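**Student:** The structure is given below, and queries will be raised subsequently.
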Amino acid sequence: MPDRRYRVLALATHPVQYMTPIFRRMAKHPSLDFHVAYCTLRGAEAGHDPEFGADIQWDVPLLDGYSWTHVPNRGSGAESFFGLSNLRMGKLIRSGNYDVVLCFIGYVRATFWIACLASKFSKVAFIFGRMQLRSPLATDATGKFPSRNFSGHTCSAWPIR
């Protein structure tokens, strides 16, 4: 068992089938105390998906195998800046004593900026961008998590500590 477990909070707009295996794997890693915060639960249960224009039910459970929470959305849910406005996300970050926040929410949403500012004021590293890892737990040659480039895609990291 490692000497220290890093507290990691992943922020996501909603549960999606391709992220679930990555979240499960991170939750099992002995060095991580991993938690996911969702802006909405659209897709977790059967229902109409406006992006697909059809009723959808995934064939895999999307919320099993890792710790998660739903942060209520005060926005309209529309594809707009204020469509995702999860004001309590800031409180979750400030009170969670996290080491890092992984943000899978685009900067064109209010929730991104709420999380970004809460991370900055809490002195928590804030990582965002288009990350494509060969492995969800890929490390560089020194055994540490890389901070700038993941398989050719840019990723911004603001280590504030």
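**Student:** For Tyr66, Tyr107, which order do you get if you count the other beta carbons within 10 Å of each Cβ and list the fewest first?
**Tutor:** Tyr107, Tyr66
**Student:** By how many nm would the segment from Arg4 to Val108 grow when fully extended, if each residue of separation counts as 0.36 nm and the alpha-carbon distance is taken off?
**Tutor:** Gain on stretching Arg4 to Val108: 34.0 nm.
**Student:** Here's another thing I want to ask about it. Out of residues 5 or more away from Leu32 or on other chains, whose amide H comes under 5 Å of its own, with H placed 1.01 Å from N in the peptide plane?
**Tutor:** Tyr6
**Student:** Could you pull out every residue, at least 5 positions away or on a different chain, whose amide H is within less than 5 Å of the one on His70? Hs are placed 1.01 Å off N in the peptide plane, and Pro or chain starts have none.
**Tutor:** Close amide H contacts, sequence-distant or interchain: Tyr38.
**Student:** Still on this structure: Separation between the Lys123 and Arg25 pseudo-spin-labels, each 7 Å from Cα along Cα→Cβ, expressed in nm?
**Tutor:** Placing both labels 7 Å beyond Cα along the Cβ direction yields 3.3 nm.
**Student:** While we're on this one: What ³J(HN,Hα) values, in whole Hz, does the Karplus curve 6.51 cos²θ - 1.76 cosθ + 1.60 give for segment 111-121 when θ = phi - 60°, with x put for Gly and Pro?
**Tutor:** Each residue of segment 111-121 in turn: 4, 4, 6, 4, 5, 4, 5, 4, 5, 4, 5 Hz.
Here, each number is a calculation from the coordinates, and none is a lab measurement. Keep in mind that this is a model prediction, so the values were computed, not measured. Because the Cβ atoms are built from the backbone with ideal geometry, glycine has one as well, and the counts that use them run over all protein chains shown.
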